[in-house]
Protein chains: 6
Amino acid sequence: MRLLLINPNTTESITDLVAARARALAGPDVEVRAVSGRFGARYIASRAAAAIAGHAALDALAAHHDGCDAVLLACFGDPGLMALKEVSPVPVVGMAEASCHLACLFGRQFSIVTGGERWDPMLHEFVAGLGLSSRLAGIRTVAPTGAEIAADPERAMALLAEGCRVCAEEDGAEAVILGGAGLAGLADRIGPDVPVPVICSLEAGLRATVAAAGLQRSKAMSGSLARSSPVASTGLSDELARMLDPSF
Amino acid sequence: MRLLLINPNTTESITDLVAARARALAGPDVEVRAVSGRFGARYIASRAAAAIAGHAALDALAAHHDGCDAVLLACFGDPGLMALKEVSPVPVVGMAEASCHLACLFGRQFSIVTGGERWDPMLHEFVAGLGLSSRLAGIRTVAPTGAEIAADPERAMALLAEGCRVCAEEDGAEAVILGGAGLAGLADRIGPDVPVPVICSLEAGLRATVAAAGLQRSKAMSGSLARSSPVASTGLSDELARMLDPSF
Amino acid sequence: MRLLLINPNTTESITDLVAARARALAGPDVEVRAVSGRFGARYIASRAAAAIAGHAALDALAAHHDGCDAVLLACFGDPGLMALKEVSPVPVVGMAEASCHLACLFGRQFSIVTGGERWDPMLHEFVAGLGLSSRLAGIRTVAPTGAEIAADPERAMALLAEGCRVCAEEDGAEAVILGGAGLAGLADRIGPDVPVPVICSLEAGLRATVAAAGLQRSKAMSGSLARSSPVASTGLSDELARMLDPSF
Amino acid sequence: MRLLLINPNTTESITDLVAARARALAGPDVEVRAVSGRFGARYIASRAAAAIAGHAALDALAAHHDGCDAVLLACFGDPGLMALKEVSPVPVVGMAEASCHLACLFGRQFSIVTGGERWDPMLHEFVAGLGLSSRLAGIRTVAPTGAEIAADPERAMALLAEGCRVCAEEDGAEAVILGGAGLAGLADRIGPDVPVPVICSLEAGLRATVAAAGLQRSKAMSGSLARSSPVASTGLSDELARMLDPSF
Amino acid sequence: MRLLLINPNTTESITDLVAARARALAGPDVEVRAVSGRFGARYIASRAAAAIAGHAALDALAAHHDGCDAVLLACFGDPGLMALKEVSPVPVVGMAEASCHLACLFGRQFSIVTGGERWDPMLHEFVAGLGLSSRLAGIRTVAPTGAEIAADPERAMALLAEGCRVCAEEDGAEAVILGGAGLAGLADRIGPDVPVPVICSLEAGLRATVAAAGLQRSKAMSGSLARSSPVASTGLSDELARMLDPSF
Amino acid sequence: MRLLLINPNTTESITDLVAARARALAGPDVEVRAVSGRFGARYIASRAAAAIAGHAALDALAAHHDGCDAVLLACFGDPGLMALKEVSPVPVVGMAEASCHLACLFGRQFSIVTGGERWDPMLHEFVAGLGLSSRLAGIRTVAPTGAEIAADPERAMALLAEGCRVCAEEDGAEAVILGGAGLAGLADRIGPDVPVPVICSLEAGLRATVAAAGLQRSKAMSGSLARSSPVASTGLSDELARMLDPSF
């Protein structure tokens, strides 16, 4: 099985890091092809950066999906998710949607711990779009950055565990998502210090992508996620132009 | 990995059938221990039968969970689900909850095709409890019974595919769940005749149970799914009495 | 008029207490037949105990409804309520549903004061199931136990009144339900110390049960609360087996 | 016990009819004082007539509540309901709110059958205001008028029963409210021809008003239904002016 | 263009003040005819006063709409709004509805700052009726009165700005409505001290009324806002009686 | 006053047409600067085209907002709307959001008539994001194309009027939005043939943009629509890169 992992921001070093973690989690039977956005913000922490990233993710899909069985959109917040599902011939799963749906199996109420304070309203809107607002205990944008984790890993882990505990104790969360590729792998380390299950968003995304890849016939031929009519375009990459209009 | 599959009705032949299909789907690395309810209705198609089945599922869990890594509650409608999650030391996943959350990855709107007309209101209430009513296109209780499938498999398949097509074409479903252990394995056969992805509830349940078993620390120590205080009881099986009160 | 009062836990002394209070409230024209669950937890304060109690309430209904005009399910939280409504030939009313609907006549927002912290999430889900979440100001699980009331009645009353006042002053409740058979009769005593109406759940349940008994034709012949098709069973009491399948 | 029954329209003959039915239903222990609006439309079947009726109901309350234990607002749609609850020293119950809450005890989904097509949107908004939209199967404004009932009672009953059956069979209603004082007493006659319970709105309103009158301390001293600060006015009846400002 | 501005309370000096501000805002191309309620409370700060004001606003509309192109109901809370829309031959806009819809263009979440603590629950219900509860960050009834503004304008402005800042900083409001004709003109003065846009309810109402007047064909001939059937009445002003029944 | 009108698709002739209509509607006091997307689909009728258009609209804003008082995003469906609001120093209004909020002043329930069947689910999601789902009667994607209008204007008008009538008569709409710049100017022509108000989305958008431009202080300094922290980027136009990071 071959998965395409799209990091829609434009920082290659993050893509490499996420790809390495994904390969470790996925095991030897799954090949992970990892790509970054070709344009856009270095990291995504605003509505504008996310809107551009939706286009960049489509562009990356068009350029690299060939030969892949499924696609993981590996930016917590899933920019461009529904558009990718529409044009892709293979299943596309977002890291955030997969995490939220998995969290629902573990708790009546789940919380999200992530970094970047602008993600708070953006993720509230995202969860509302999923229909899961009634399951969301809260969002806390307290996660340490990669730099902070590198500088003092133990302190970063302690702060992260504390953030998760507050979700359980003050917000009533019965499961906590560590949202963001940058936090991949940390759930297991802080889990023992948090009184409710802690979910790694990369792991949740990977598992759901593998599950989707296994479904025999997964491309809708009708409805809002089926391919739309071909449309001419201008100023796009050749690959994306061809995805919108195969006769290009 | 060892999974406990609970069929909370009291018909052993159904349990055997579901277990065989589950083992085929799960592959050699997963051991499936399958048990039936020790009391209750022969099949579950009413509010009363489902209420009794909640108790029977708890009883089965108490008697058989030892040594298992996770539990699949294999009756579409998930009787007793939250109670099992509360008392079980290992993750419990319901076939219906897993299917609904998986279907959300494939469609903005999903439908359920199942058998037994009383399940229509009961599943509407179940999906509302998950918070997913806004994602539900509809429920159609048109699935053929096991007897009908056995008598004329091709006709049964044709009727089932027709039911799924109606979900897509009239109700706007972008994914369809075949709900019920008795329909396990049929999604692949009718998929080519349905314009949107068709999800097998047993497969969805199994995948989610395996994913849940893989989470390192999955038992909540706080919140409404943590173990409650011990309570004495009377008239229950010894195993269940001990699960409610370990000092029993 | 004869009412069946079902206490679905297995503590006879509580049943006796509730029955006495119910008889005092109902007056001489109403005969109250009171029964306990034949199996299950001594008291109900967890999801598991409530799931078992749903079966026990069905069993009690089957064994004792004969000759009764209506049934009051006298455990605040109403375990098994919809299943009882389905199988019973006479109206079944839950103490919690009756209280919530009555409270809506007295306040735009109502609160519930009860005992047992696990009832907080369980009652939030129950009220959501009624469709009344938008009317719920909050739930406070601060009620004194029967033992505490017996040991120092004045202090218990003071604490209870204080809990109700907090509902009004901090949560904005315009009516407060004292939820639980164990608190029956206390609303009148603390009412003068609370700035909004205080509703006794047993009284609310009794009044609604009497009202339901007075409705001339009250058993649905269609819909999800009509009798379902007969179904064979195993391991149940003879009475309950016969209720599921009259030909038993 | 003495109840004030307010018919907020200005047709005395309807008030007399409703009062007679109410007295028959309430029995000898309840004295019913019945009054009409002093100004406004002859019957209420528009938003404007209902808005005026809210004022007229307040005026009637001010003029006649003295010595009464509770008030029944006897126009299905309850014009001015919350304002009456605010200013009245004794409980006020609306015929429509009481019917909707009672219907919820009998069915997961209830329908309303009433007369006057403008009531359809107005009652949808009313039920939404109660928070009960998720419980409403539908509204059908097919009820015969008093004149039609008088002219050919059997045909009118047959049409009314047919309307109720459609609610059950097409809309999925599990209980049906006959909404409107003009339909009081007909539920028992058509009940045998309808497959689900049929609720008389006058009876539902009366029972709830009696229940409310029985609550020992029922006037809120805080919240949005407590008395507001006195306010001077002009152009109102002396009684209403004094109710708004006791120093008047 | 000629607008009718209805102040439904009975204090002429407020009407004069609001009219002056409205004329200054509307510019020379718009003629503003301003009228007060002929009966009712001196100011509106309770459910009862608002219910009476609904009738008074209808009465004022009937007496003064002739020759006007649109109507602004200039009491924040919009008493009688839907009834006015129903009977009026020209568009009617409420100051509160216009403000809420305009605020949605400036913020995902908006707050309301107004005076009179009873307006808090009343406006929550009003916003829910608009369907905009999910957009409402909160309501704060902290606005200074006209008397306080007159006595110490600088202090009043400082308090008002502080109230708005709290909406942004604590409640997460992204826009704040200054609700109430009495606060007209203050948004510009405090705007520089508030970190999010501040909306003047009178200006919002005026702009929307002008926009509505410009729509070529604006009276519904079907639906719940079309004219209803004529109905006779008693005890109303001749103008209103004729509006309900043109043959009067 | 100078407005920037962004047509985010890449067809200049449509931009010219819309600009001409906008100038006619806006009058001589408003200067309209109109621009097209520099890249993307020729027209927008799919999720992918809309996602790309969000980026193109941001790019157009960055390149052309200088000296403008407000921005109208003139594609019904408002691609990239919240991102534009975030980065723009002046107010940004979407044609669809403005239309929906205006429609709410005219009807309890509004419908949308537009072209392109994929817009049906996309607009349902858009309206849900506004919080206005409870106000939406339906969406009908029956509008004639520009080519069809040109070929046989009378027939196109008749079909459009018929579509609007169906919204009122079958769906219960009390106002109908003609959604799409291509339908600008037609509302007045078909209005006389439709029983409820018909709203031109371009006119609604223009009026709201002018109103927003008139608000004295309209850029949020806090909340999710304030400018975010500067972020470096790659592969974007210089103007957009500088908008994301002014130090670029």
- Task: Please determine, in degrees from 0 to 90 and to the nearest 10, the orientation of helix D:47-64 with respect to the longest principal axis defined by the Cα atoms of chain D, where the helix direction is its Cα long axis.
- Result: 50
- Tally up the carbon and sulfur contribution to the accessible surface of the stretch B:96-201 as a whole percent, 1.4 Å probe, everything protein left in place. 49
- Message: Using +1 at the C-beta of Lys and Arg and -1 at the C-beta of Asp and Glu, which of B:GLY185, B:HIS124, B:ILE139 has the Cα lying farthest in the positive direction of the dipole of the stretch B:96-201?
- Response: B:HIS124
- For C:206-214, mean number of other protein chain Cβ atoms within 10 Å: 4
- State, to one decimal in nm and shortest first, how far the label point of E:ALA232 sits from each corresponding label point in the other identical copies (label point: 7 angstrom along Cα-to-Cβ). 4.0, 7.1, 7.1, 7.6, 8.5
- Query: Among E:75-83, B:47-55, A:140-148, how do they line up from the highest to the lowest mean number of other beta-carbon atoms within 10 Å?
  - Reply: B:47-55, E:75-83, A:140-148
- Query: Considering only A:GLY37, A:ALA83, A:ALA158, whose Cα is most displaced toward the positive end of the charge dipole of chain A, charges sitting on Cβ of Lys, Arg (+1) and Asp, Glu (-1)?
  - Reply: A:ALA83
- Query: For label points placed 7 Å from Cα toward Cβ, what is the shortest-first list of nm distances from E:GLU169 to its copies?
  - Reply: 2.7, 2.7, 5.9, 6.2, 6.6
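Over all pairs of distinct alpha carbons, what does the Kirkwood formula give as the hydrodynamic radius of the stretch B:96-201, in Å?
So the Kirkwood estimate lands at 13.3 Å.
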- Message: If the only charges are +1 at each Lys and Arg Cβ and -1 at each Asp and Glu Cβ, what is the size of the charge dipole of the stretch E:159-248 around the Cα centre, to the nearest 20 debye?
- Response: 620
- Task: Could you pull the copy-to-copy label distances for C:GLU31, with points set 7 Å along Cα to Cβ, in nm to one decimal and sorted shortest first?
- Result: 3.5, 5.9, 8.1, 8.1, 9.3
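Tell me the per residue accessible area of the protein assembly as shown using a 1.4 Å probe; a whole number in Å² is fine.
So the protein assembly as shown comes to 34 Å² accessible per residue, rounded to a whole number.
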- Item | Residue of chain B whose Cβ sits closest to the axis mapping B onto A, with distance in whole Å | B:HIS101, 2
- Going by alpha carbons, how many degrees (0 to 90, nearest 10) lie between the helix axis of D:201-214 and the longest principal axis of chain D? 40
- What is the dipole size for chain A, taken about its Cα centre, with +1 at each Lys and Arg Cβ and -1 at each Asp and Glu Cβ, in debye to the nearest 20? 520
- Task: Can you run the Rg to Rh ratio on the protein assembly as shown? Use alpha carbon positions and the Kirkwood inverse-distance Rh.
- Result: 0.95
- Message: For the interface of chains B and A, what total accessible area is buried with a 1.4 Å probe, rounded to the nearest 100 Å²?
- Response: 3600
- At a 1.4 Å probe, which residues in the stretch B:54-79 are at least 10 Å² less accessible with all protein chains present than in their chain isolated? B:HIS55, B:LEU58
- Count the net charge of all other residues whose Cβ sits under 10 Å from the Cβ of C:LEU58, scoring Lys and Arg as +1 and Asp and Glu as -1. -2
- Note on the structure: In nm, the gap between the two label points placed 7 Å beyond Cα toward Cβ at F:MET221 and E:ALA20 is 3.2
- Under-27-angstrom lysine pairs by C-alpha in the protein assembly as shown, whenever the two are 8 or more apart or on separate chains: 9
- Taking chain B as the reference, fit the longest principal axis to its C-alpha atoms, fit the long axis of helix B:119-130 to the helix C-alpha atoms, and give the angle between the two in degrees, 0 to 90, nearest 10. 60
- Note on the structure: Once all protein chains are kept in place, B:ARG207 shows an accessible area at probe 1.4 Å, nearest 10 Å², of 90
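Can you give the alpha-carbon Rg of the stretch F:1-94 over 2.2 N^0.38 Å, where N counts its residues? Don't jump to the answer; show the numbers that get you there.
Details: Rg = 12.1 Å, N = 94, 2.2 N^0.38 = 12.4 Å.
Compared with the compact-globule rule of thumb, the stretch F:1-94 sits at 0.98.
Add +1 for every Lys or Arg and -1 for every Asp or Glu among the other residues with Cβ under 15 Å from the Cβ of B:GLY67, and state the total.
-2
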- Message: For peptide A:33-43, what's the mean number of Cβ atoms from other chains within 10 Å of each residue's Cβ?
- Response: 4
- Whole-number D in µm²/s for chain E (Stokes-Einstein; Kirkwood sum over Cα pairs; 37 °C, 0.692 mPa s): 180
- Item | chain F: calculated mean residue ellipticity at 222 nm from DSSP helix runs of at least 4, using -39500 (n - 2.57) | -13500 deg cm²/dmol
- Item | Average beta-carbon neighbours from other chains, 10 Å sphere, peptide F:121-131 | 4
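Using the beta-carbon distance between B:MET1 and C:ASP245 and R0 = 45 Å, what value does 1/(1 + (r/R0)^6) give for FRET efficiency, to the nearest 0.05?
0.70
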- Query: Once label points are set 7 Å from the Cα along Cα→Cβ at both B:ASP238 and C:GLU117, what is their separation, rounded to one decimal in nm?
  - Reply: 3.4
- Message: Nothing charged except the Cβ atoms of Lys and Arg (+1) and of Asp and Glu (-1): what's the magnitude of the dipole of the stretch C:96-202 about its Cα centre? Round to the nearest 20 debye.
- Response: 220
- Sorted peptide list for F:191-197, C:87-93, A:89-95, criterion being average Cβ within 10 angstrom, highest first: A:89-95, C:87-93, F:191-197
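The values are calculated or read from the model by the stated rules, or taken from the named source; none is laboratory data. These figures come from a predicted structure and were not determined experimentally. So basically every Cβ, Gly included, is an ideal-geometry build from the backbone, and we count neighbours across all protein chains shown. SASA here: full protein model, heavy atoms, side chains in, ligands and nucleic acids out. Shrake-Rupley method; radii C 1.70, N 1.55, O 1.52, S 1.80 Å.
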